[in-house]
Amino acid sequence: MGEVDPAFILEPEHRPRISYIEGKGVPLIDLSPILSSNNVSAIEFEGLVKDVGDACKEWGFFQVINHGVPLEKREKIDDASRKFFAQSLEEKRKEPTILPASLEPDDNEVTEFNNQCPEYPPGLRFYGFFKDQTSFIRLNHYPPCPTPELALGVGRHKDGAVLTIVAQDDVGGLEVKRKTDGEWVRVKPTPDAYIINVGDTMQVWSNDRYESVEHRVMVNSERERFSVPFFLHTAHYTMVKPLEELINNQNPAKYRPFNWGKFIANRKCSNFQKLNVENLQIYHFKISE
Ligand SMILES: O=C(O)CCC(=O)C(=O)O
Ligand SMILES: [Fe+2]
């Protein structure tokens with residue numbers, strides 16, 4: 001393990017604390033009542049819907065267990081991820097993704113950018129299932145870091161997605177900014193659980209009922225960490241705006257419509273980073289009250 005490149009050393013105010021809070025953490029929701037093999041009662045179902053709704057309101061994050069996703073599928077993608085990161089850089093740079101070519105509102109050109117996608121096993125290529133969606137899966141690898149108190153694996157950010165589903169391994173490091181007090185709280189690794197978080201698109205669709213919450217990833221001095229987020233994204237031509245059925249005279253729309261493709265293309269260059277692109281967030285589309 002070598003020295004940390006100074007480019008990764010954060011300003012003191014953004015450095016993580018090495019001791020982390022694991023107290024009142026993100027809610028853990030048991031989905032077994034809605035597994036197809038179980039007969040769920042209306043009361044149980046409503047209870048579950050309420051738990052999910054409350055978690056989206058109070059935390060913007062929750063974990064699910066007994067979700068019905070076979071463990072072998074998870075193991076297969078974990079294995080693919082490890083094999084992927086063991087490849088050379090050249091092999092990793094394959095398979096383009098389509099996104100708008102520029103940030104200009106009237107430019108309809110699209111462009112390809114190099115996605116880094118494992119060539120194998122072929123059964124793991126999900127792209128064809130989501131016609132016109134810009135959803136994708138990312139394989140994250142966080143090598144051990146000699147100075148985890150100076151750098152983050154992923155800096156604070158919000159996901160632009162409708163929602164994100166993350167499989168993390170047992171190392172831990174994902175931290176969520178708790179809404180009640182602004183503390184960074186670690187999402188406790190839970191065997192075979194998936195972490196689900198509300199993204200910006202959902203926050204706008206729900207007209208702020210559910211919130212897309214800041215999160216970040218701390219690195220570990222001893223162990224490498226792997227995580228696999230799936231970002232559920234709409235087609236690039238979708239105009240994102242509060243859902244009609246949620247707005248009326250008493251609850252007017254809180255956002256102006258914006259084009260998803262333009263938003264995500266801009267976001268790729270900003271999202272709390274110090275690049276020479278304006279830091280685009282959904283509040284830029286907020287209608288003043
Ligand atoms: O590695 C993780 O647990 C989450 C990473 C993340 O927030 C992201 O890729 O957007
Ligand atoms: Fe994220």
Is it fair to say Gly172 is more than 16 Å from ligand 2 (Cβ to nearest atom) and farther than 22 Å from Thr134 by Cβ? no
I'm trying to understand the selection: among the residues of segment 17-73, which are modelled with pLDDT of 90 or more, under 19 Å from Leu174 (Cα atoms) and not in a loop (DSSP other than H, G, I, E, B)? Leu28, Ile29, Ala55, Cys56, Glu58, Phe61, Phe62, Gln63, Val64, Ile65
What are the pairs with Cβ atoms under 9 angstrom where one residue, in segment 180-197, is over 21 Å from Asp54 (Cβ atoms) and the other, located anywhere, is at pLDDT below 90 and among the hydrophobic types (A, V, I, L, M, F, W, C)? Sequence gap at least six, or different chains. Trp184/Ile21
If I ask for residues that are among the hydroxyl-bearing types (Ser, Thr, Tyr) and at pLDDT 90 or above, which ones from segment 238-271 would you list? Tyr255
Suppose the filter is away from ligand 1 (no atom under 16 Å from the Cβ) and in a loop (DSSP other than H, G, I, E, B); does Ser212 pass it? no
Filter segment 193-209 down to residues that are within 25 Å of Phe258 (Cα to Cα) and in a loop (DSSP other than H, G, I, E, B) and give me whichever is nearest to ligand 1 (Cβ to nearest atom). Gly199
If we scan segment 171-187, do we find a residue that is among the β-branched types (Val, Ile, Thr), surrounded by fewer than 21 Cβ atoms within 10 Å (Cβ to Cβ) and out of contact with any strand residue (DSSP E or B) (no Cβ under 6 Å at 6 or more places or on another chain)? yes
Just checking, does segment 138-148 include any residue being among the β-branched types (Val, Ile, Thr) and either buried (at least 20 other Cβ atoms within 10 Å of the Cβ) or without any contact (Cβ under 8 Å) to a residue 40 or more places away in the chain (or both)? no
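The values are calculated or read from the model by the stated rules, or taken from the named source; none is laboratory data. Keep in mind it's a predicted model, so treat the numbers as computed, not measured. All Cβ positions, even for glycine, are placed from backbone atoms using ideal geometry, and neighbour counts span all protein chains on display.
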